[in-house]
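A.B. asks: Structure incoming, see below.
The values are calculated or read from the model by the stated rules, or taken from the named source; none is laboratory data. Just so it is clear, the model here is predicted, and its values are computed rather than measured. Here the Cβ positions follow ideal geometry from the backbone for every residue, glycine too, while neighbour counts run over all protein chains shown. Surface areas here come from the heavy atoms of the whole protein model, side chains and all, with no ligands, DNA or RNA. Shrake-Rupley method; radii C 1.70, N 1.55, O 1.52, S 1.80 Å.
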Amino acid sequence: MAAPMSASSFLDALRDEGLTVVQVGEWRTHNRNHKGPWGPVHGVMIHHTVTKGTANTVRICRDGYASLPGPLCHGVIAKDGKVHLVGYGRANHAGRGDDDVLRAVIAEKALPADNEANTDGNRHFYGFECENLGDGKDPWPAVQLEAIEKAAAAVCRHHGWNSRSVIGHLEWQPGKIDPRGFTMKAMRERIAERLK
């Protein structure tokens, strides 16, 4: 079991991995902790935003919607590779997912199919939303893919996790398709190489 790192340690881990980080408002204390605990943490979840434009994307991920209040993640990874920190603590990004997947993430084993939604993912995962329309046509710039790799690796490095601790939303919750446009298998291979 791992306690979440402090906000300062999170910021340092991202910068130490070579990322350019943008701090958005009072991100360190912007969270949904009043809705339940955050932690123990077991992994990193990658999403796409279905939005266009970095400023708009960051605003939505920070503030959320009437039906889903923000923050919607911890960091927004923009097309230019910058990571915008919008919240820290419990965030509305993972929703309910499969307990068998969580057990596999904890054990760092191959993932089973996600066929039920019975477990609170917001409690157990760091979340990165990645700016992309998610239509399978919107490109993923090389600098953005590298930033996803670095951000996930930074968290894994801090906690001593391997690349199997990084999953896509589509691997957690039935019916989800994100991230679309690259495979999590390929991303985990990149993260594994970075963590060597």
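A.B. asks: Go through (1) of a type outside the set (Ser, Thr, Tyr); (2) farther than 20 Å from Glu146 by Cβ; (3) free of Cβ contacts under 8 Å to residues at least 40 places away in the same chain and name the single condition Asp12 misses.
C.D. replies: Unmet condition: (2).
A.B. asks: When you check Lys35 against the structure, is it farther than 26 Å from Ser9 by Cα and of a type outside the set (Asp, Glu), yes or no?
C.D. replies: The answer is no for Lys35.
A.B. asks: Filter the stretch 138-191 down to residues that are free of Cβ contacts under 8 Å to residues at least 40 places away in the same chain and open to solvent by less than 40 Å² (accessible area, probe 1.4 Å), then give me how many there are.
C.D. replies: 1
A.B. asks: Right, here's the next one. Just to be sure, is Pro174 closer than 17 Å to His47 by Cβ and not in a helix (DSSP H, G or I)?
C.D. replies: Numbers: closer than 17 Å to His47 by Cβ: yes; not in a helix (DSSP H, G or I): yes.
Taking the combined requirement at face value, the residue satisfies it.
A.B. asks: Hey, another quick one. For residues in the stretch 51-68 being within 15 Å of the chain's Cα centre (by Cα) and under 17 Å from Gly95 (Cα atoms), which is surrounded by the most Cβ atoms within 10 Å (Cβ to Cβ)?
C.D. replies: Cys61
A.B. asks: Further question on the same structure: Looking for whichever is within 20 Å of Ala55 (Cβ to Cβ), surrounded by 19 or more Cβ atoms within 10 Å (Cβ to Cβ) and of a type in the set (A, V, I, L, M, F, W, C) here; the options are Val101, Val105, Val76. Which one fits? Full working, then the answer.
C.D. replies: Details: Val101 fails: within 20 Å of Ala55 (Cβ to Cβ); Val105 fails: within 20 Å of Ala55 (Cβ to Cβ).
Checking each option against the conditions leaves just Val76.
A.B. asks: Also, quick follow-up: With respect to Leu195, determine if the residue is over 25 Å from Ala7 (Cβ atoms) and of a type in the set (A, V, I, L, M, F, W, C). Please lay out each step first, then the result.
C.D. replies: Values: over 25 Å from Ala7 (Cβ atoms): no; of a type in the set (A, V, I, L, M, F, W, C): yes.
Here the answer is no, as Leu195 does not meet what is asked.
A.B. asks: Go over the candidates Arg28, Arg90 one by one and state the one that is part of a helix (DSSP H, G or I) and either surrounded by 22 or more Cβ atoms within 10 Å (Cβ to Cβ) or among the basic types (Lys, Arg) (or both). Before you say what the answer is, go through the steps one by one.
C.D. replies: On the way: Arg90 fails: part of a helix (DSSP H, G or I).
Of the residues listed, the single one that is part of a helix (DSSP H, G or I) and either surrounded by 22 or more Cβ atoms within 10 Å (Cβ to Cβ) or among the basic types (Lys, Arg) (or both) is Arg28.
A.B. asks: Anything in the stretch 110-123 that is touching a strand residue (DSSP E or B) at 6+ places or on another chain (Cβ under 6 Å), in contact (Cβ under 8 Å) with a residue 40 or more places away in the chain and open to solvent by less than 30 Å² (accessible area, probe 1.4 Å)? List them, or say none.
C.D. replies: Gly121 - this is the single residue of the stretch 110-123 that is touching a strand residue (DSSP E or B) at 6+ places or on another chain (Cβ under 6 Å), in contact (Cβ under 8 Å) with a residue 40 or more places away in the chain and open to solvent by less than 30 Å² (accessible area, probe 1.4 Å).
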